[in-house]
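Q: Take a look at the following structure, please.
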Amino acid sequence: MIPASALQAQPIGVFDSGIGGLTVVRALTRRLPHENIVYFGDTARVPYGPKSPQVVREYAAQDVAFLMGHHVKMVVIACNTVSAVALDVVQKLSRVPVVGVIQPGAVAAVAASTKKRIGIIGTQATVNSEAYAHVIRACASDVQLFSRACPLFVPLAEEGWIDHPVTRLVAKEYLFPLTLEKIDTLILGCTHYPVLRAAIESAVGPGVGLVDSGEATAIEVERVLDAHALRNRSTDRPHLQFFVSDIPAKFAEVGERFLGQSMGRVRRAPIEGGGVAPLG
Ligand code: DGL
């Protein structure tokens, strides 16, 4: 049997369709600064958002298999799309607690909304799944929901067009219909959207509160760690490891913008057949 302190020192495994999940790692490192983390971003197959649920479920199974190989003590599904359509797949394959981003984001939005008019933005797959709506309706049946897929936000964030006229224009185009519905809360239901927070905020105006699912997830991760006595007791500087299935140009530059700090070494772990094998 593994001693409790060794188990607690094992990393939290975080995965995403690509680089966007680093916004969730940023939220985790802020809330839980002593946790070791292994991150896997499936950059070779991103984006997941326009793909069918079946394909996303197959990819998610391979992604979680990679993390299991790193003996993680918990799995965090940073990707909204995977959390929306493949949470059950990940739960079945993980031998450790699993936290997705949908449930925490939805619960945080219900708590934040005063007028009970909530907007949800995400990838096409996340919006089609109605995963946020299911959780919100289960905890508050009187809430009005308005959703919109915003697929162009992903490439704009990856391109680094944060404070760019095109991004502001796209944000207005996508979000204007939601402002007409007089939403008071907007869920940023995609890993990339926190990076575009300023453009989104100015498109919806000051009366709308933004809920970052990644931040809500970090609070839930803390709760689950404590519930399972899994919190790392060491106060040493944590070990953050980053693996991706392909290393695109500008990866470090874009990654650091998402993570909010320098990433250090990023290793490639190409996907082979039904699994991912680290090349080192
Ligand atoms: N990570 C995805 C999400 O949060 C966005 C990028 C993609 O489409 O794969 O839904």
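The values are calculated or read from the model by the stated rules, or taken from the named source; none is laboratory data. Keep in mind that this is a model prediction, so the values were computed, not measured. Cβ coordinates were reconstructed from backbone atoms using ideal geometry, including for glycine residues, and neighbour counts include every protein chain displayed. These area figures cover heavy atoms from the full protein model, side chains too; ligands, DNA and RNA do not enter into them. Shrake-Rupley method; radii C 1.70, N 1.55, O 1.52, S 1.80 Å.
Q: So Thr29 passes all but one of these: (1) β-branched (Val, Ile, Thr); (2) away from the ligand (no atom under 15 Å from the Cβ); (3) outside any helix (DSSP H, G or I). Which condition number does it fail?
A: (3)
Q: On to the next question. Please specify each residue of the range 43-64 satisfying the condition of being more than 12 Å from the ligand (Cβ to nearest atom) and closer than 18 Å to Cys190 by Cβ.
A: Listed by number, the residues that qualify are Ser52, Pro53.
Q: Something else now. For Val204, state whether it is within 16 Å of the ligand (Cβ to nearest atom), open to solvent by 10 Å² or more (accessible area, probe 1.4 Å) and either aliphatic (A, V, I, L, M) or within 23 Å of Pro151 (Cβ to Cβ) (or both).
A: Values: within 16 Å of the ligand (Cβ to nearest atom): no; open to solvent by 10 Å² or more (accessible area, probe 1.4 Å): yes; either aliphatic (A, V, I, L, M) or within 23 Å of Pro151 (Cβ to Cβ) (or both): yes.
Considered against the rule, which asks whether it is within 16 Å of the ligand (Cβ to nearest atom), open to solvent by 10 Å² or more (accessible area, probe 1.4 Å) and either aliphatic (A, V, I, L, M) or within 23 Å of Pro151 (Cβ to Cβ) (or both), Val204 comes out as no.
Quick grid of which residues meet (1) within 25 Å of Tyr132 (Cα to Cα); (2) in contact with a Ser or Thr (Cβ under 6 Å, 6 or more places away or on another chain):
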| residue | (1), (2) |
| --- | --- |
| Gln8 | no, no |
| His34 | no, yes |
| Ala61 | yes, no |
| Leu87 | yes, no |
| Val98 | yes, no |
| Gly105 | yes, yes |
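Q: Something else now. Here are the criteria: (1) surrounded by fewer than 17 Cβ atoms within 10 Å (Cβ to Cβ); (2) closer than 28 Å to Gln261 by Cβ. Tell me which single one Ala171 does not satisfy.
A: (1)
Q: Of the numbered conditions (1) open to solvent by 10 Å² or more (accessible area, probe 1.4 Å); (2) of a type in the set (Ser, Thr, Tyr); (3) farther than 17 Å from Phe242 by Cβ, Thr29 fails exactly one; give the number of that condition.
A: For Thr29, the exception is condition (3).
Q: Considering only residues of the range 1-26 that are in a helix (DSSP H, G or I) and within 16 Å of the ligand (Cβ to nearest atom), which is surrounded by the most Cβ atoms within 10 Å (Cβ to Cβ)?
A: Val24
Q: OK, next. Is the range 196-205 home to any residue that is within 23 Å of Ala111 (Cβ to Cβ), touching a residue at least 40 places away in the same chain (Cβ under 8 Å) and among the acidic types (Asp, Glu)?
A: Looking for residues that are within 23 Å of Ala111 (Cβ to Cβ), touching a residue at least 40 places away in the same chain (Cβ under 8 Å) and among the acidic types (Asp, Glu), one finds none in the range 196-205, hence no.
Q: Can you name the residue in the range 37-48 that is open to solvent by less than 30 Å² (accessible area, probe 1.4 Å) and over 16 Å from Glu220 (Cβ atoms) and is also modelled with the lowest pLDDT among such residues?
A: Result: Thr43.
Q: For a quick check of your reading: which helices (runs of 4 or more DSSP H) sit entirely within the range 65-142 and have at least 3 residues that are surrounded by fewer than 24 Cβ atoms within 10 Å (Cβ to Cβ) and away from the ligand (no atom under 16 Å from the Cβ)?
A: Numbers: elements: 80-85, 87-93, 102-112, 124-129, 131-139.
By residue number, 87-93, 102-112, 131-139.
Q: It is to be established whether one or more residues within the range 55-64 are aromatic (Phe, Trp, Tyr) and open to solvent by less than 20 Å² (accessible area, probe 1.4 Å).
A: First, the residues of the range 55-64 that are aromatic (Phe, Trp, Tyr): 59.
This time we only want the ones that are open to solvent by less than 20 Å² (accessible area, probe 1.4 Å), so: none.
No - not one qualifying residue is present in the range 55-64.
Q: Out of Thr179, Thr191, I need the residue that is within 28 Å of Gln62 (Cβ to Cβ) and either open to solvent by less than 30 Å² (accessible area, probe 1.4 Å) or not in a loop (DSSP other than H, G, I, E, B) (or both). Which one?
A: Thr191
Q: Right, here's the next one. Taking interchain pairs and intrachain pairs at least six residues apart, which have beta carbon atoms under 9 angstrom, with the first residue in the range 29-50 and more than 17 Å from Gly18 (Cβ to Cβ) and the second within 16 Å of the ligand (Cβ to nearest atom) and of a type in the set (A, V, I, L, M, F, W, C)?
A: Pairs that qualify, where the first residue is more than 17 Å from Gly18 (Cβ to Cβ) and the partner is within 16 Å of the ligand (Cβ to nearest atom) and of a type in the set (A, V, I, L, M, F, W, C), are Thr29/Ala218; Thr29/Leu259; Arg30/Ala218; Arg31/Ala218; Leu32/Ala218; Glu35/Leu28.
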